[in-house]
1. Here is a check on your reading of the model: is Gly192 farther than 20 Å from Gly89 by Cβ and within 16 Å of the ligand (Cβ to nearest atom)?
2. Just give me the residues in the range 156-186 being within 16 Å of the ligand (Cβ to nearest atom), in contact (Cβ under 8 Å) with a residue 60 or more places away in the chain and in a loop (DSSP other than H, G, I, E, B), in sequence order.
3. Pairs needed: first member in the range 218-239, closer than 15 Å to Val68 by Cβ; second member anywhere, aliphatic (A, V, I, L, M) and at pLDDT 95 or above; C-beta distance under 7 Å; at least 6 residues apart or different chains.
4. If a residue must be assigned to a loop (DSSP other than H, G, I, E, B), of a type outside the set (Asp, Glu) and surrounded by 11 or more Cβ atoms within 10 Å (Cβ to Cβ), how many such residues does the range 339-362 contain?
5. Suppose we filter the range 101-119 for residues that are in contact (Cβ under 8 Å) with a residue 60 or more places away in the chain, within 16 Å of the ligand (Cβ to nearest atom) and not in a loop (DSSP other than H, G, I, E, B); how many remain?
6. Within 13 Å of the ligand (Cβ to nearest atom) and within 29 Å of Arg33 (Cα to Cα): is that true of Ser250 in this structure?
7. Can you spot a residue in the range 125-139 that is among the polar types (S, T, N, Q), within 15 Å of the chain's Cα centre (by Cα) and more than 25 Å from Pro261 (Cα to Cα)?
8. Which numbered condition trips up Leu286, out of (1) surrounded by fewer than 19 Cβ atoms within 10 Å (Cβ to Cβ); (2) at pLDDT below 95?
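The values are calculated or read from the model by the stated rules, or taken from the named source; none is laboratory data. Computed from a prediction, not measured in an experiment: that's the story for all the values here. Virtual Cβ from ideal backbone geometry, glycine too; neighbours counted across all protein chains shown.
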Amino acid sequence: MSSGTTSASTQSSQDLLPAVPLLALDRQYAVLRDEIQVAIARVCDSGRFVLGPDVTALEEELARALDVPHAISCASGSDALLLALMAIGVGPGDEVVLPSYTFFATASAVTRLGATPIFADIDPTTYLVDPADVRRKVSRRCRAIIPVHLFGRTADMDALLPIATEAGVPLVEDAAQSILSSWHGRCTGGLGDIGCFSFYPTKNLGGVGDGGFLTTTRDDLARSLRLLRVHGMEPRYYHELIGINSRLDSIQAAVLRVKLPHLDAWTTQRQANAARYRELFASYDLGGQVTVPTDESRGRHVWNQYVIRVADGRRDELRKHLAAHGVGTEIYYPVPLHVQKCFAHLGWRPGDLPVTERAADETLALPIFPELRVDEQHTVVVRIAEFFGVARRPVGKPKAATLQPPHFLRRIVGRADEVIS
Ligand SMILES: Cc1ncc(COP(=O)(O)O)c(C=O)c1O
């Protein structure tokens, strides 16, 4: 089937569909603009730009929101991972087991400390690290396991925690994409030994620049992390440990404090958007071509990304079609870490992690941000159906509110943001 099978009349009405950005941070900012400006001005007036009262208050508020005893801010999610591995003493000769299907920082934190990343494959449905492969890859040299709660969904902690316990190694959660996600009622970040979070602007709680934080239930690790982020210094100019400079800016903290009270509602909106996509996709006969993501029954999925799988090698073609019609998408991630050039010396080959490699070739992230409008979601699905030449199901149970043909046909100029990581 080709993309040129739509009738002239359908074609003309579809030309009126709005452009849909992958992410529109300006919509969130428009609502909070005045409060954010006041918060930034307050920091500038105070003359306290690094750490300080806003950072301390943010850490307390995050600890309450996630129900963990310790939240420790730092300069980025990448630094959070590095600090976590430093705190548990990862170094040369050690191995750390982690997925290859993740953002680069999960693995680079390991190599920056002279240790070796051991890549595990993923589950083909959830895209999360496969506990059975983790178990196979834990050797005597293993010093930590890092599951990644990718796309906002918690990795299978029922299976992973016993593996870490049996191996006698800490479990570091890469929760950069999963703030407020949970597992049997407990937030990610408080499930393993240390949780690592990112405030990168595309995250569910994003700052106005880089930032991150760590969580832990362990007092000893909390103390080490607080020291390590300030060059191991306590008191001033006395260095107990060799740390790094990874402090959160006060302006970031002040802005994040304005946003944090909204995070739960934004998350609920993401969940509603995911449910709506599911209904919309079900109303088209796309089963053979598009696989939509499933929800998680054992915890809260916070939908940082909504990632579909596209069959028959047509992912890139579909992406081009969507881009041509102003629909923003992204590929997370096109090249798995085990076959990245910078890790060639580790000796991994294409074919070593087949499920990961297939996901890298077939997955596509669609817009899911909280302010996404219903008409925009309809548009995304209509454009995908149009590409595959698939009509709405003639039979079945169209739900009046969500499955009626879009009645909003008007031209709205959108913006496909440049989004990374
Ligand atoms: C899974 C994952 N880990 C780590 C990071 C690193 O976070 P940051 O960009 O704040 O350094 C990111 C952010 O992109 C991420 O998605």
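1. No, not satisfied.
2. If the condition is that a residue be within 16 Å of the ligand (Cβ to nearest atom), in contact (Cβ under 8 Å) with a residue 60 or more places away in the chain and in a loop (DSSP other than H, G, I, E, B), then Ala176, Gln177, Ser178, Ile179, Leu180, Ser181 are the ones that fit.
3. Every condition considered, the pairs that remain are Leu221/Ala87; Leu221/Ile194; Ala222/Ile72; Leu225/Ile72; Leu225/Leu83; Leu225/Ala87; Leu225/Leu214; Arg226/Ile72.
4. 3
5. 6
6. Here the answer is no, as Ser250 does not meet what is asked.
7. There is at least one residue in the range 125-139 that is among the polar types (S, T, N, Q), within 15 Å of the chain's Cα centre (by Cα) and more than 25 Å from Pro261 (Cα to Cα).
8. So Leu286 meets the others, but not (1).
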